[in-house]
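The values are calculated or read from the model by the stated rules, or taken from the named source; none is laboratory data. Computed from a prediction, not measured in an experiment: that's the story for all the values here. Neighbour counts run over all protein chains shown; Cβ positions are idealised from the backbone, glycine included. Accessible surface areas use protein heavy atoms only, side chains included; no ligands, DNA or RNA. Shrake-Rupley method; radii C 1.70, N 1.55, O 1.52, S 1.80 Å.
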Amino acid sequence: MKSLGNFMLILSVEGFQKETDARRGPGTFARVMAAMDLLRQARIPFGYSVTVTRANEPVIASPEFLDFMIARGALMGWMFLCMPVGGNPDPNLLPTPEQRVHMLEFVQWAREHRPIFLVDFWNDAPYAGGCIAGKYYAHITPQGWVEPCVFTHFCQDNIRDKSLKEAMNSQFFREIRKRQPYNDNLYLPCMWIDNPEVSRELYQKLPIQPTHPGADDILRREDLRRAIDSYCARVREAYRPIWEKEQYEFDNFYQIKETVLRLFAA
């Protein structure tokens, strides 16, 4: 791995030992720490990834945890919101709207005060223009199903039957790209928890199929639909004043970005 030098390992944790072992099994945290020690000793770059839930957000978004990861040698960190997808999902695991805003504030603070590169998968959406599913990336399951996003467990094509280019230009992917961004507020990028009307419309309109049993629970179960709608309304209200304050800055960011791209193209 050191001789290749063109990739970085990202190791999953859920916080400290208590949070990690509670989800991933006893002894997992110790094994991850041992792996980090080996990588650091071999001078192989690595980072960490966390699934942010309502329970562990106060730990993840704390200077104590971040400093611990930096001391272990992590060069970057990925924060992914827990998503209520898959069979029998639990929307109560979602970080609260207030916790999502806290994550935004914490990452902005860390970027100014700590020597580590952090990516907040939802709160960094404005830098990418909103959701990038089916536009800048796709997810291929072990069975070969081509999903537009690792959180979107639906497909139209299999990589064993079609090329990646063909799959990326399927009706499913084209319809997704047509609707992006799903919201004028780019802090609300997701078609599952921030703009659920989008995923429901695509499910009704297109000949797509779930990639595993229970993938359509979030679309078909009325209790889950009500829970997501309630969550969505609260998230939109929490982010409304933030976007009203920052929209002008991001508009300038995109203008500069487009100018630079045009210059490189020329």
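With a 1.4 Å probe and every protein chain kept in, tell me what percent of the accessible surface of region 1-89 is carbon plus sulfur.
Summing carbon and sulfur atoms, their accessible area is 59 percent of the total for region 1-89.
Divide by every residue of the chain the summed helix terms, -39500 (n - 2.57) for each DSSP H run of at least 4, and state the resulting mean residue ellipticity at 222 nm, rounded to the nearest 500 deg cm²/dmol.
-15000 deg cm²/dmol
Pull up all non-local amide H partners of Leu9: gap of 5 or more, or a different chain, and H-to-H distance under 5 Å with H placed in the peptide plane.
Close amide H contacts, sequence-distant or interchain: Gly47.
Can you find, among Met79, Pro58, Thr96, the residue farthest towards the positive end of the dipole of region 51-106? Put +1 on the C-beta of Lys and Arg, -1 on that of Asp and Glu.
Comparing the listed Cα positions along the dipole, Met79 ranks first.
Amide H to amide H, which residues 5 or more places from Cys149 or on other chains are under 5 Å from it, using H placed in the peptide plane?
Excluding prolines and chain starts, which carry no amide H, the hits are His139.
If you count the DSSP beta bridges with both ends in the chain, what percent of them are antiparallel, to the nearest 5?
Bridges in the chain that DSSP calls antiparallel: roughly 30 percent.
In sequence order, what are the phi-derived ³J(HN,Hα) couplings for region 142-158 according to the Karplus relation 6.51 cos²θ - 1.76 cosθ + 1.60 with θ = phi - 60°, rounded to whole Hz, with x for glycine and proline?
With the stated coefficients, region 142-158 comes to x, 7, x, 5, 9, 9, x, 7, 5, 9, 9, 8, 9, 8, 10, 9, 10 Hz.
Counting other Cβ atoms within 10 Å, which trypsin sites (Lys or Arg not before Pro) in region 101-167 have at most 10 and lie in a DSSP loop?
Answer in residue order: Arg160.
In what sequence, largest accessible area first, do Val52, Val59 appear using a 1.4 Å probe?
Val59, Val52
Non-local amide H neighbours of Val52 (under 5 Å, H modeled in plane, Pro and chain starts lacking H): which ones?
Counting only residues 5 or more places away or on other chains, the set is Phe80, Leu81, Cys82.
I'd like the trypsin sites (Lys or Arg not before Pro) in region 4-53 restricted to DSSP loop residues with at most 12 other Cβ atoms within 10 Å, sorted by number.
For trypsin sites (Lys or Arg not before Pro) across region 4-53 that sit outside H, G, I, E and B with at most 12 neighbouring Cβ atoms in 10 Å, the list reads Arg43.
When a/c is below 1.5 the answer is rounded, else prolate if a/b is larger than b/c, else oblate, so apply that to region 176-266 with a ≥ b ≥ c taken from the square roots of the Cα gyration tensor eigenvalues.
Here region 176-266 falls in the oblate category.
Would you check the accessible area of Asp161, probe 1.4 Å, heavy atoms only, in square angstrom rounded to 10?
120
If you take the beta carbon distance between Arg226 and Gln255 as r and set R0 to 41 Å, what does 1/(1 + (r/R0)^6) give as a FRET efficiency, to the nearest 0.05?
Approximately 0.50, to the nearest 0.05.
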